[in-house]
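Please read the structure below before turning to the comments.
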Amino acid sequence: MTINILVPVKRVVDANVRVRVSSNGSIDTTGLKMSLNPFDESAVEKAVQLREAGVASKVTVITCGTQASQDVLRTALAMGADEAVLIDTSAATATLDSLAVARLLNAHMASREYGLVLCGKQAIDGDIGGVAAMLAALLDWPQALNAGALSADGTGWSVMCDDDTGTATWLLEGPAVVSADLRLADPRRVTLPSIVKAKQKPLAIVDATTLAIDLTPQSHIVKLSDPPVRQPGIKVADSAALIAALAERRVFDQAGVTA
């Protein structure tokens, strides 16, 4: 089975940077280090591994955003992706939600043939994780979310995913949408020679307005706030004291468990 793989990626604040909500209730990313979303890194790595194993013939990375998003596309190219596409959403980028992204990806795929869409299960900025499922619905393709393992199986895909009871292995027939957990693949180190080579690989820029997609957001952020300050813990002398402390704070009652 030799197919083309599409890997949607996103530019987010680096995972090692601690963001703060400003006094006006927004997050200002000016001056903050931006990087490729970690879950998308795992997806890119797995896609490249599949191509190296002969399962895929080409890996295309794609993102929706401004011209600044070219940097994460170049990172993905340096990891081994073959080509990149930027759907330039310009002013609409600030309010771009999961459904709008899924619609843009679906429009892009209408004129191209892919056998697998492999993306991160969520972006670390919004943590919504809705693009994969929405895109699968638009394409009418089978889907597998939170994948920790993926392999080709005949004309389909064998995918191990987390579920409510632990893990489950699914067999998806034909083209499919799979979202990656961090366990799917450990991203390779990007070397200087690979960065230089990535500058020579094709990067297409598509104006979102040419796709005739309504980018009006269907979801809105009601409020942003920093998490409450964590209270200091306590030390207990033994297990009896621990049980007494838990009972005093009625921890099991709050969890819905009868003591």
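Every number in this text was worked out from the coordinates using simple rules, so none of it is lab data. Source: prediction; values computed, not measured. Reconstructed Cβ throughout: ideal geometry from the backbone, glycine too, with neighbour counts over all protein chains shown.
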- Item | On Cα atoms only, tilt of 239-248 relative to the major axis of the chain in degrees | 90 degrees
- Note on the structure: Per GNM of the chain with C-alpha springs under 10 angstrom, the most fluctuating residue out of Val159, Val222, Val19 is Val222
- Could you go through the range 16-21 in sequence order and give the Karplus-derived ³J(HN,Hα) for each residue, using 6.51 cos²θ - 1.76 cosθ + 1.60 with θ = phi - 60°, rounded to whole Hz, and x for Gly and Pro? 8, 8, 9, 8, 10, 7
- Item | Kirkwood-based shape ratio for the range 20-147, expressed as Rg/Rh from alpha carbons | 0.96
- Item | Principal-axis tilt of helix 38-52 within the chain, Cα atoms, nearest 10 degrees | 40 degrees
- Task: Just round it to a whole percent: the fraction of Cα-Cα distances in the range 1-48 exceeding 13 Å.
- Result: 65 percent
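What is the count of Lys pairs in the chain whose alpha carbons sit under 18 Å apart, if the two are 8 or more places apart or on different chains?
Working: Lys10/Lys33; Lys10/Lys46; Lys10/Lys121; Lys46/Lys58; Lys46/Lys121; Lys58/Lys197; Lys58/Lys199; Lys58/Lys201.
Summing the qualifying lysine pairs gives 8.
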- The farthest towards the positive end of the charge dipole of the range 3-211, of the residues Thr191, Gly130, Thr63, given +1 on Cβ of Lys and Arg and -1 on Cβ of Asp and Glu, is Thr191
- Note on the structure: Treating only Lys and Arg (+1) and Asp and Glu (-1) as charged, each at its beta carbon, one finds that the range 3-211 has a dipole about its Cα centre, in Debye to the nearest 20, of 720 debye
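Just from its helices, what would the mean residue ellipticity at 222 nm be for the chain, if runs of 4 or more DSSP H residues each count -39500 (n - 2.57) and the sum is divided by every residue, rounded to the nearest 500 deg cm²/dmol? Provide the component values of the computation, followed by the final result.
Details: 7 runs with 67 residues, N = 259.
Result for the chain, helices only: -7500 deg cm²/dmol.
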- Item | Cα-projected label distance for Ser194 with Ala133, points at 7 Å along beta-carbon direction, nm | 3.2 nm
- DSSP beta bridges in the chain, what fraction antiparallel, as a percent rounded to 5? 40 percent
- Note on the structure: Put in order of increasing Cβ neighbours within 10 Å, starting from the fewest, Asp40, Asp214 give Asp214, Asp40
- Item | Estimated distance in nm for a label pair at Val17 and Ser219, the labels positioned 7 Å out from Cα along Cα-to-Cβ | 2.2 nm
- If you put +1 on each Lys and Arg Cβ and -1 on each Asp and Glu Cβ, how big is the dipole of the range 148-223 around its Cα centre, in Debye rounded to 20? 700 debye
- Give the angle, between 0 and 90 degrees and rounded to the nearest 10, that separates the Cα long axis of helix 98-109 from the longest principal axis of the Cα atoms of the chain. 20 degrees
- In the Gaussian network model of the chain, springs joining C-alpha atoms below 10 Å, which of Gln70, Gln218, Gln231 carries the largest mean-square fluctuation? Gln231
- Return Val12, Val21 ranked ascending by Cβ neighbour count within 10 Å, so the fewest neighbours appear first. Val21, Val12
- Query: Relative to a virtual label point 7 Å from the Cα of Ser151 in the Cα→beta-carbon direction, which members of the range 21-62 show backbone nitrogen distances below 18 Å?
  - Reply: 46-56
- Using R₀ = 35 Å, calculate the FRET efficiency as 1/(1 + (r/R₀)^6) where r is the Cβ-Cβ separation of Lys201 and Asp163; round to 0.05. 0.40
- Note on the structure: For the chain, the Kirkwood Rh over every pair of distinct alpha carbons, in Å, works out to 20.2 Å
- Under 5 Å from the placed amide H of Met34, counting only residues 5+ away or on other chains, we find Asp14
